[in-house]
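One structure is given here, and the rest of the page talks about it.
Nothing in this text is a laboratory measurement; each read-out follows from the coordinates by a stated rule. It should be emphasised that the depicted structure is a prediction, and the values quoted were computed from it without experimental measurement. So basically every Cβ, Gly included, is an ideal-geometry build from the backbone, and we count neighbours across all protein chains shown.
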Amino acid sequence: MWRNKKHFFVPFLMALCSVFSVLFFSACENGTESDESVAFSDEQSSSFNEQGSSSKKQSSSSKKLSSSSKKQSSSSNKQSSSSKKLFPDSLTPNDKEYPYAGIPRIVIETEERKEVNSLKTEIPAKLQIWDKKAESEVFDLTIRGRGNTSWELMPKKSYKIEFAKKQSLLGMPKDKDWALIANYADKSLIRNYIAYSLSTSLGASYAPRCAFAELYLNGEYLGVYLLSETIKIAEKRVNIPKDDNSYLVEFDVKLRKGEQAVYSHVINDKKFKVHDPKNASEAVLDTLRHFIENVENFLKDMSEKEKNEIEKWFDVDESIKHYWVQEITKNPDGGYFTSIYFTWVKGGKLKMGPVWDFDLAFGNSTNESVNPIDNLMIRLCSWNKYLFRDSLYKAKTKAFWQENEKLILDYLDTMESMKKRLDKPALNNFKRWNILPDTSGAWHPKHFEKYGDAVDDLKDWLSQRLKWIGAQKMN
């Protein structure tokens with residue numbers, strides 16, 4: 001049995017060993033494959049890790065760039081935000097409430113929409129001119145208040161604007177300096193326009209050019225304005241040399257503290273504002289003062305005779321043209337009160353003009369005694385009452401009227417055409433400033449139902465005034 005068992009066991013044992021051997025070698029082969037596989041994966045991992053590290057560096061770099069871009073973007077946003085704060089993207093007029101009315105529209109935006117509340121502080125601004133669409137590029141300029149009584153007491157303000165570069169506006173010659181005249185006291189809106197135009201037609205060497213426009217300031221509609229040239233020495237304005245021997249002077253009882261001026265006590269203690277030369281020396285101002293004193297002494301010494309040789313001191317033709325504009329309109333300032341200009345170039349003659357400021361003229365004065373259509377009021381004022389002592393000066397003044405009476409009468413037709421031109425703009429203006437029927441304020445003595453009535457009243461006053469003057473012998 002044992003022998004049989006032994007015989008059975010030995011082959012069995014050999015077979016079992018054979019199986020274990022196969023399993024062992026198989027396991028060893030599998031184990032080698034597994035190790036090689038892990039080694040390959042480690043190399044890939046190392047490569048991936050290097051790439052990953054590079055990617056992380058790139059990612060970090062990208063984050064830095066992204067961060068830098070964000071900073072730049074943030075900076076741009078700040079700049080953009082700052083730009084938006086300084087000026088709006090567009091200067092388009094908001095005409096929903098005040099529709100386009102057929103005349104140009106001037107749109108001004110101040111820096112950060114700062115309020116214009118000073119006669120001295122100039123605020124940076126942008127300006128664009130519109131009709132139905134934009135008619136100009138956007139211009140850089142400064143803006144400040146202007147005027148005397150009108151600035152202090154009237155709600156509709158006038159403005160002085162100065163461009164960075166010379167600009168031609170509404171067909172007028174290029175210049176930096178312009179005025180936007182409110183005409184708040186004048187319900188007809190056209191008194192200044194008529195007076196300046198009349199002075200030009202009568203042949204004055206210069207009178208301010210002007211044109212009507214509607215004004216928007218910082219998004220607010222302000223009404224119909226007269227865009228006007230300012231009075232200054234320039235080739236296309238007061239054309240005299242700009243030097244220490246050439247003077248642009250204004251009679252001005254409203255002289256402000258610190259303004260450049262000279263005084264004469266020969267006739268009525270007059271104040272003379274010196275617009276040019278700017279920042280003049282005492283010697284330059286003394287030259288002007290002595291000349292004015294000599295002129296006034298000459299006037300006081302004039303006698304009632306034919307030849308006083310006025311032409312030695314005055315440009316007689318310019319003096320007569322200036323006189324008639326003041327007299328026809330019965331300008332209350334024409335009595336050498338304020339806004340009466342003259343020029344003088346050393347060694348030459350005194351030249352009256354240019355004319356300026358007629359909103360209270362043509363029977364519109366707050367002093368009711370000035371408004372009647374009769375009397376030659378301006379003839380009796382200051383220098384004029386001396387000039388009219390001279391019989392030749394009287395004769396020339398009368399002759400000038402006779403030669404130009406028809407031209408002057410034609411201004412009644414000009415008023416009618418201006419009424420039609422401003423009819424729609426006036427609807428906007430008096431919607432903004434509801435003053436046509438109002439008589440409560442000091443500046444508005446007359447009641448009108450509509451804009452055309454205000455122009456008709458002005459036209460009627462001038463018609464009667466011209467008839468009265470034409471009936472005088474003026475001797």
Between the stretch 422-475 and the stretch 321-374, how far is it from one alpha carbon centroid to the other, in angstrom? 19 Å
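Report Rg/Rh for the stretch 86-475, rounded to two decimals, where Rg is the Cα radius of gyration and Rh the Kirkwood radius.
0.97
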Once you have the Cα-Cα distance between SER463 and ALA442, take 0.36 nm times their residue separation minus that, and quote the gain in nm to one decimal. 5.0 nm
Using θ = phi - 60° and the Karplus curve 6.51 cos²θ - 1.76 cosθ + 1.60, what whole-Hz ³J(HN,Hα) does each residue of the stretch 106-117 get, with Gly and Pro shown as x? 9, 10, 10, 10, 7, 4, 6, 6, 5, 6, 8, 9
At what distance in nm do the modelled label points of GLU122 and ASP177 sit from each other, each positioned 7 Å from its Cα along Cα→Cβ? 1.0 nm
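So which GluC sites (Glu not before Pro) in the stretch 157-248 pass both tests, a DSSP loop state and at most 13 other Cβ atoms within 10 Å of the Cβ?
On the way: sites: GLU162, GLU214, GLU220, GLU229, GLU235; in loops: GLU235.
Answer by residue number: GLU235.
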Over the C-alpha atoms of the stretch 256-399, what are the Rg and the largest Cα-to-Cα span, Dmax, in Å? 15.6, 45
Residues of the stretch 272-310 with backbone nitrogen within less than 11 Å of a virtual label 7 Å along the Cα-to-Cβ line of ALA395, please, listed as ranges. 306-307
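So how strong a dipole does the stretch 86-475 carry about its Cα centre when Lys and Arg Cβ are +1 and Asp and Glu Cβ are -1, to the nearest 20 debye? Before the final figure, lay out the partial values.
Numbers: 60 positive and 59 negative charges, 46 e Å.
The calculation lands at about 220 debye.
Order 351-358, 393-400, 258-265 from most to least packed using the mean count of other Cβ atoms within 10 Å. Don't jump to the answer; show the numbers that get you there.
Numbers: 351-358: 24.0, 393-400: 16.6, 258-265: 14.2.
In decreasing order of mean packing, 351-358, 393-400, 258-265 become 351-358, 393-400, 258-265.
Where nothing but the Cβ of Lys and Arg (+1) and of Asp and Glu (-1) is charged, how large is the charge dipole of the stretch 266-378 around its Cα centre, in debye to the nearest 20? Walk me through the intermediate numbers first.
On the way: 14 positive and 20 negative charges, 64 e Å.
Taking the Cα centre of the stretch 266-378 as origin, the dipole is about 300 debye.
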Residues meeting the amide H criterion for LEU170 (H placed from the backbone, H to H distance under 5 Å, 5 or more places apart or on another chain) are none
What span do the alpha-carbon atoms of the stretch 177-229 cover on each of the three principal axes, reported in whole Å from largest to smallest? 40, 26, 13
Given a Förster distance of 25 Å, the FRET efficiency implied by the Cβ-Cβ spacing of ASP244 and LYS271, rounded to the nearest 0.05, works out to 0.75
Tabulate in residue order the Karplus-calculated ³J(HN,Hα) for the stretch 314-326, using 6.51 cos²θ - 1.76 cosθ + 1.60 with θ = phi - 60°, rounded to whole Hz; enter x for Gly and Pro. 10, 6, 5, 4, 5, 4, 5, 4, 4, 4, 5, 5, 5
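Hey, what does the equivalent ellipsoid look like for the stretch 91-214, semi-axes from the Cα gyration tensor as sqrt of 5 times each eigenvalue, largest first, whole Å? Each step should come with its number before you reach the end.
Values: eigenvalues 101, 68, 57 Å².
Value: 23, 18, 17 Å, ordered largest first.
Which of the peptides 322-329, 407-414, 342-349 is most tightly packed, and how do the rest follow, going by the mean number of other Cβ atoms within 10 Å of each residue? Before the final figure, lay out each step's value.
Numbers: 322-329: 23.9, 407-414: 14.5, 342-349: 16.8.
Most protected by this proxy first, the peptides run 322-329, 342-349, 407-414.
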Which residues' amide hydrogens lie under 5 Å from the amide hydrogen of ILE240, considering only partners 5 or more residues apart or on another chain, with H built in the peptide plane? ALA234
Between the stretch 237-277 and the stretch 118-138, how far is it from one alpha carbon centroid to the other, in angstrom? 31 Å
Distance in nm between pseudo-label sites at GLU293 and LYS254 (7 Å out along the Cβ direction from Cα): 2.9 nm
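Give me the extension gain from LYS385 to LYS406: residue separation times 0.36 nm, minus the current Cα-Cα distance, reported in nm with one decimal.
4.9 nm
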For SER369 and GLU115, extending 7 Å from Cα along the Cα-Cβ vector and measuring point to point gives, in nm, a value of 3.9 nm
